[in-house]
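K.L.:
One structure follows; several queries about it will come next.
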Amino acid sequence: MLEKTFNPKDVEERLYQTWEASGAFRAGNKPNAKPYTIVIPPPNVTGSLHIGHALNNTLQDILSRFERMRGRDVLWQPGMDHAGIATQLVVERKLAEAQTTRQALGRDEFIKRVWEWKAESGGAITKQLRRLGSSCDWSRERFTMDEGLSKAVLKVFVDLYREGLMYKANRLVNWDPRLQTAVSDLEVENIEIKGNLWHLKYPLAEDADLFIVVATTRPETMLADQAVAVHPDDERYKDLIGKKVRLPLTGRLVPIIADEYANPEKGSGAVKITPGHDFNDYEVGKRHGLAMPNILTLDAKIGVDAPEAYRGLDRFVARKKIVADMEALGLLEKVEPVVHAVPHDEKTKTVELEPMLTEQWYLNVKPLAEKALAAVHDGRTKFIPQRFEDEYFRWLEDIRPWCVSRQLWWGHQIPAWYDAQGNVFVAESEADAHAQANQKHGAEVALTRDPDVLDTWFSSALWPFSTMGWPVNTPEFKRYYKTDVLVTMFDIIFFWVARMMMMGLHFTNDVPFHTVYIHARVVDEKGMKMSKTKGNVIDPLTLIDEFGADALRFALAIAAAPGRDLRMGRNRVEVYRNFCTKLWNAARFCEMNNCVRPETFDPNSLRSAVNRWVVGELVRTKTETTASLDAFRFNDAATGLYEFVWNVYCDWYVEFIKPVLSGADGDEKTETRATAAWVLDEILRLMHPFVPFMTEELWRVTGEQGPARSKLLIEEAWPDYSAVARDVAAEAEMNWVKTLISEVRSVRAEMNVPPSSKLPLVLKTASANEREWLVRHNDLILRMARLETAVAGDNFAKGAAQIVAGDGTAALSLEGFIDFAKERARLTKDLKKADDEVARVDQKLNNKDFVAKAPEDVVQELRDKRVEHLSVRSKVQEALRRVE
RNA sequence: GGGCGAUUAGCUCAGUUGGUAGAGCGCAUCGUUUACACCGAUGAUGUCGGCGGUUCGAGCCCGUCAUCGCCCACCA
């Protein structure tokens, strides 16, 4: 028995456990089937499920369940990312609460604590993914810091080093002074802030009364100035090139140089050059062989190489002091307020990053990028929507070396060891490094390992194949790689997608996936990006608690236009909870009317038109749903199902069959019960990828009667209706019925008769004055009677006939009406088709411009067509007359 | 500065090769007659952002402008 309402809380957990225990999620269940693989974008181990995850995983789950039902051997590979910086920060915060620091614990102990923390709370997000219904193969869950994945990381690093692509270099890098680590170009967020452009006077060495004015937003860097640059063609400064200025505050002499980098239009036209603290100046410095001193410490304070007055000052304090000192010296010409973009850390957006000269590991990604570009250009991997390919191309075409080292503790430690002389030995193991060192030195020497770890995205880049056991050529790797589709968002195309493409192609010689589906970005109801600070975050778990996972999933799926913003709010989920309830109640209707699944059911042998019609609509819906999912049009698939369930099955079909089900027993009633139950069953299959919990529960309860179910719904097959003939006549009849009913509805409105929801019963429930009207319009009655005969058998017609005959104005013969209705529907349709064709042709031919401009043979062809259509038309018309 | 996306009913959005504008929510009126008030019926509401072009015909194609959003670059 079905409860009056569906209570998600009561069934979701139980059903999930049933599924998991059944082994339905496991890959390899169908060894002879074609594999279908999705690797999950691994959530951060520190993470908790947010609404974006909910969308991402709903879509993956829909695909997984759909393909599983279509008979594929599905591997949905789950796992988590160690998320270097994020995780380290979380654990450090915990340490701070315990009044200690990672430095106090030491590296090994700290790492141990991180693993402990991971063991404690690391499962949170996977539990939440389960609540959503995600059918991942949990037996294959991976973590980027697992032994196997770490081995893959080591091998990749060492191989790239041996190929000469991985190297160490001392360069200017984006430095986070708070975390004290390098970050990659991608992790820099430029934020516009209000600042000042200070115009500083630098006295010439030869004559302190003469000045050259430089403009800067960062006066504190003048302590490390190495030159003043002017444009070689700048008339104002031509004579000064080669002379020297005496830097105020430090008293150092630096040259005035000519370099095209100086832009005469900007500032004063002369620019101070600080190669150690600015990316452009760094290039200028290299060109002119300038020294590159660093006057900042790693936490962005003024360092020991600066004049004593400034040492130890924070960079912003030093800035104020330097401006004040310059002003006091009369060397501040003017201050101009400017808005300019300043690099910030991407995570908190609160720390200004500092260009810092440090030694880091770099990966020359250029050769890898070329392969990655080619693979998308030649279509081995395609993006949905396609426009993201352009972004991908743009980034890869202009790619710069990837700074892969991070000065953190949590992550994959770089497999490089140094001897006392600083020689580097890169190896997959310490023993191997020692072996290399021994060979070089001819004796055992002490080695120290590089303390740095790799960028988190380095291991993420290997995810599609490292999770399959690579570099070992495992059966899984052979079977499930390459994967089929990557479902992700546009914000990590560069961070992750492009890098997986590069690494995948380089190390496996194949693309990691043939399709990249870029899903929407979920924003709040006002279109604002969700963020904790704004307080507009919608918690998917709260929504699941309130409306059920099914409602949330359907709400996400039906709104899932790729690559755009998706506004999500509570009331949207409510709408689809209502839809789920509607389906539940349709099932209750069937149950109450003893619509039990028959032992066998042949959709082709149905006699009643309404049953044949609903089967046809079902077939159409299945075809469209399949096509939509094949094309990743989740919204179209969901919309089609919504409309079929609500507008076709509930609004029309259920209403139409009520009189039959309440009528006398007989073949028609038996047939209708069977059809109602069968179509409901098929709805459950089609809906299951979207709404897995409710459909599985309905599958279970409806299985309590009729033939026993052999499988869970999750294990069932996607419908195949190739043997079901679509009954065009039944569809035409139903369209006719619907048209007539709307005629009656408008008549009722005209007559001011209260509308009724049970319109197919209009004749039975007619009020006295309505009946009177109907009698007056006997013609319409007859038509209703005829069509209802065709649709629902004798019951309707009898009802109609009773009304009419009861008033003594008409009597009705029922014979021949079925054939009549069918034939008429077919002919009317043909007639309309012919009329449309003729009208279309006429429209063209009546257009003088067209006739004048179009080529002769085209016009003649249309004339011939017109004649042809007219002859068809007259034939059809004649046939129609005969029938009527 | 360069690029991309959006602009359709009060709100949120569909609209797949150009052919008479759609849904849900909301609103108004009515209705508890064998599933469902998390419901049913009916109804009102649109110069499809502006202007120009191509076409017999444009929400859809082209140009241009406007507003909003995103990405990249610059950062003296």
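The values are calculated or read from the model by the stated rules, or taken from the named source; none is laboratory data. Note that the structure is predicted; figures quoted are calculated from it, not measured. Don't worry about glycine lacking a Cβ; one is built from the backbone with ideal geometry, like all the others, and counts go over all protein chains shown. Each accessible area value is taken on the protein alone, full model and side chains, heavy atoms only, with ligands, DNA and RNA left out. Shrake-Rupley method; radii C 1.70, N 1.55, O 1.52, S 1.80 Å.
K.L.:
Would you pull out the residues with amide H under 5 Å of residue A:74's amide H, same chain only if 5 or more places away, H placed 1.01 Å from N?
P.N.:
So residue A:74 has HN proximity to A:28, A:36.
K.L.:
At a 1.4 Å probe, what is the % contribution of carbon and sulfur to the accessible area of segment A:1-65?
P.N.:
For segment A:1-65, the apolar C and S fraction of the accessible surface comes to 48 percent.
K.L.:
Just subtract the alpha-carbon distance of residue A:168 and residue A:109 from 0.36 nm times their residue separation and send over the number in nm, one decimal.
P.N.:
18.4 nm
K.L.:
Can I ask one more? Consider a paramagnetic label point 7 Å from the Cα of residue A:639 along Cα→Cβ; state which residues of segment A:565-579 have an amide N under 20 Å from it.
P.N.:
Residues A:565-569, A:572-579 fall inside that zone.
K.L.:
Another question, then. Can you tell me the dipole magnitude for segment A:6-87 around its Cα centre, using point charges on the Cβ only (Lys, Arg +1; Asp, Glu -1), in Debye to the nearest 20?
P.N.:
Dipole of segment A:6-87, to the nearest 20 debye: 380 debye.
K.L.:
Determine which residues of segment A:420-444 fall in the zone a paramagnetic label at residue A:159 would reach in this model, i.e. backbone nitrogen under 18 Å from the point 7 Å along Cα→Cβ.
P.N.:
A:426-429
K.L.:
Compute the length gained on full extension between residue A:510 and residue A:391: take 0.36 nm times their separation in residues and subtract their Cα-Cα distance, giving the result in nm to one decimal.
P.N.:
Computed gain between residue A:510 and residue A:391 is 40.7 nm.
K.L.:
Rounded to the nearest 0.05, what FRET efficiency is calculated for residue A:721 and residue A:5 with R0 set to 35 Å and r the Cβ-Cβ distance?
P.N.:
Using R0 = 35 Å, I get an efficiency of 0.65.
K.L.:
Further question: According to a simple spin-label model (label point 7 Å from Cα along Cα-to-Cβ), what is the distance in nm between residue A:30 and residue A:370?
P.N.:
Placing both labels 7 Å along Cα→Cβ, they lie 4.2 nm apart.
K.L.:
Filter the cross-link list A:194/A:301; A:272/A:320; A:118/A:482; A:34/A:622; A:347/A:371 down to pairs whose alpha-carbon distance in this structure exceeds 25 Å.
P.N.:
Those over the limit are A:118/A:482; A:347/A:371.
K.L.:
Let me ask something else about it. Between residue A:448 and residue A:48, what length comes free when the chain is fully extended (0.36 nm per residue of separation minus the Cα-Cα distance, one decimal in nm)?
P.N.:
140.2 nm
K.L.:
What are the ³J(HN,Hα) couplings of segment A:458-471, residue after residue, when phi is run through the Karplus curve with 6.51, -1.76, 1.60 and θ = phi - 60°? Round to Hz, x for glycine and proline.
P.N.:
Taking θ as phi minus 60°, the curve returns 5, 6, 4, 5, 9, 3, x, 10, 5, 5, 9, x, 3, x Hz for segment A:458-471.
K.L.:
Sticking with this one: Throw me the Rg/Rh for segment A:1-108, computed over C-alpha atoms with Kirkwood Rh, two decimals.
P.N.:
Reported Rg/Rh (Cα atoms, Kirkwood Rh): 1.15.
K.L.:
If you roll a 1.4 Å probe over segment A:87-138 with all protein chains in place, what percent of the accessible area is carbon or sulfur?
P.N.:
C and S atoms contribute 51 percent here.
K.L.:
Here is a further query. Just grab the label-to-label distance for residue A:537 and residue A:350, each label 7 Å out from Cα along the Cβ direction, in nm (one decimal).
P.N.:
1.5
K.L.:
Mind listing the long-range amide H neighbours of residue A:44? Cut-off is under 5 Å, sequence gap 5 or more, other chains count too, H placed in the peptide plane at 1.01 Å from N.
P.N.:
Amide H to amide H, under 5 Å and 5 or more residues apart or across chains, residue A:44 pairs with A:81.
K.L.:
So how much accessible area does residue A:630 have, in Å² to the nearest 10, using a 1.4 Å probe?
P.N.:
80
K.L.:
Right, another one. I'd like the accessible area for residue A:596: 1.4 Å probe, protein heavy atoms, all chains in place, Å² to the nearest 10.
P.N.:
Only protein atoms counted, so the area is about 50 Å².
K.L.:
I need the calculated FRET efficiency for the pair residue A:662 and residue A:13, taking r as the beta carbon distance and R₀ as 45 Å, to the nearest 0.05.
P.N.:
0.70
K.L.:
Additional query: What does the convex hull of the Cα atoms of segment A:309-422 come to per residue, in Å³, rounded to a whole number?
P.N.:
Convex hull of Cα atoms, per residue: 259 Å³.
K.L.:
Could you check the simple spin-label distance between residue A:474 and residue A:423, using points 7 Å along Cα→Cβ, in nm with one decimal?
P.N.:
3.8
K.L.:
How large is the accessible surface of residue A:310 in square angstrom, using a 1.4 angstrom probe and rounding to the nearest 10?
P.N.:
Its accessible surface works out to 10 Å², give or take rounding.
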